[in-house]
Amino acid sequence: MPATELTSDVIDLADLPVKWATSLPDRLVAQPTWEARFALLDAELSGALRPVNLVAEVQWAWRQMLTGRGAQPVNDLADEVGWSRRHFTARFAREVGLGPKQVSRLIRFEHSAALIRAGQPLADAAIAAGYYDQAHMTNEWRVFAGCTPATWAREELPFLQDLSDEE
């Protein structure tokens with residue numbers, strides 16, 4: 001089904017058209033560690049994926065967004081493919097499930113997480129990830145992760161030093 005049919009919806013696992021959907025919760029509980037649970041979940045979900053054939057313009061824009069780490073303005077991408085911004089945004093969203101601006105935000109968020117995971121100071125990570133400043137990055141983290149990057153780092157990456165002073 002098209003990705004746009006799933007956007008902002010909550011779907012009961014039993015409603016998925018795969019054989020393993022009803023048994024998955026019990027199989028996850030039976031796993032001895034969180035790592036094993038996530039490995040099982042990854043295997044089942046990736047095994048259920050089917051190839052997606054995006055139109056060439058959307059494929060190109062997607063690659064540009066990934067390569068540029070979400071920094072390209074949507075207008076520039078639309079101009080490059082020869083479409084109006086409105087048509088580009090609608091077509092991209094119909095094919096991908098999210099609009100190009102939202103996808104760019106997620107790419108920047110993921111990039112900032114990788115930089116923080118690598119030990120980069122928050123202010124430096126913010127600028128390197130394409131945010132205006134650390135406050136801008138922190139606001140995006142609240143939206144996507146439900147916490148600040150410093151809180152996330154303290155909870156998820158306790159080996160990193162000196163993050164408590166940078167929130």
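Of the residues that make up the stretch 30-50, is at least one open to solvent by 70 Å² or more (accessible area, probe 1.4 Å), out of contact with any Phe, Trp or Tyr (no Cβ under 6 Å at 6 or more places or on another chain) and in contact (Cβ under 8 Å) with a residue 40 or more places away in the chain?
Within the stretch 30-50 (the criterion being open to solvent by 70 Å² or more (accessible area, probe 1.4 Å), out of contact with any Phe, Trp or Tyr (no Cβ under 6 Å at 6 or more places or on another chain) and in contact (Cβ under 8 Å) with a residue 40 or more places away in the chain), the answer is no, since none of the residues qualifies.
Does Glu110 count as open to solvent by 50 Å² or more (accessible area, probe 1.4 Å) and acidic (Asp, Glu)? First the steps, then the outcome.
On the way: open to solvent by 50 Å² or more (accessible area, probe 1.4 Å): yes; acidic (Asp, Glu): yes.
For Glu110, the condition - open to solvent by 50 Å² or more (accessible area, probe 1.4 Å) and acidic (Asp, Glu) - is met.
I need every pair where a residue in the stretch 129-153 that is among the basic types (Lys, Arg) has its Cβ under 8 Å from the Cβ of a residue that is open to solvent by less than 40 Å² (accessible area, probe 1.4 Å), sequence separation at least 6 or different chains.
Between residues of the stretch 129-153 that are among the basic types (Lys, Arg) and residues that are open to solvent by less than 40 Å² (accessible area, probe 1.4 Å), the close pairs are Arg142/Thr148.
So, restricting to helices (runs of 4 or more DSSP H) that lie completely within the stretch 21-85, which ones have at least 2 residues that are more than 20 Å from the chain's Cα centre (by Cα) and closer than 30 Å to Ile127 by Cα?
Qualifying helices (runs of 4 or more DSSP H): 74-81.
How many residues does the stretch 29-70 hold that are farther than 24 Å from Val103 by Cα and touching a Lys or Arg at 6+ places or on another chain (Cβ under 7 Å)?
2
Criterion first (within 27 Å of Trp34 (Cβ to Cβ), in contact (Cβ under 8 Å) with a residue 40 or more places away in the chain and among the basic types (Lys, Arg)) does Arg117 satisfy it?
Answer is yes for this residue.
Kindly indicate whether any position in the stretch 73-90 is surrounded by 13 or more Cβ atoms within 10 Å (Cβ to Cβ) and modelled with pLDDT under 85.
Checked against the condition, which is being surrounded by 13 or more Cβ atoms within 10 Å (Cβ to Cβ) and modelled with pLDDT under 85, the stretch 73-90 yields no hits at all.
The values are calculated or read from the model by the stated rules, or taken from the named source; none is laboratory data. Please read these numbers as outputs of a predicted model, since none were measured by experiment. Positions of Cβ are backbone-derived with ideal geometry, glycine not excepted, and every protein chain shown enters the neighbour counts. Accessible surface areas use protein heavy atoms only, side chains included; no ligands, DNA or RNA. Shrake-Rupley method; radii C 1.70, N 1.55, O 1.52, S 1.80 Å.
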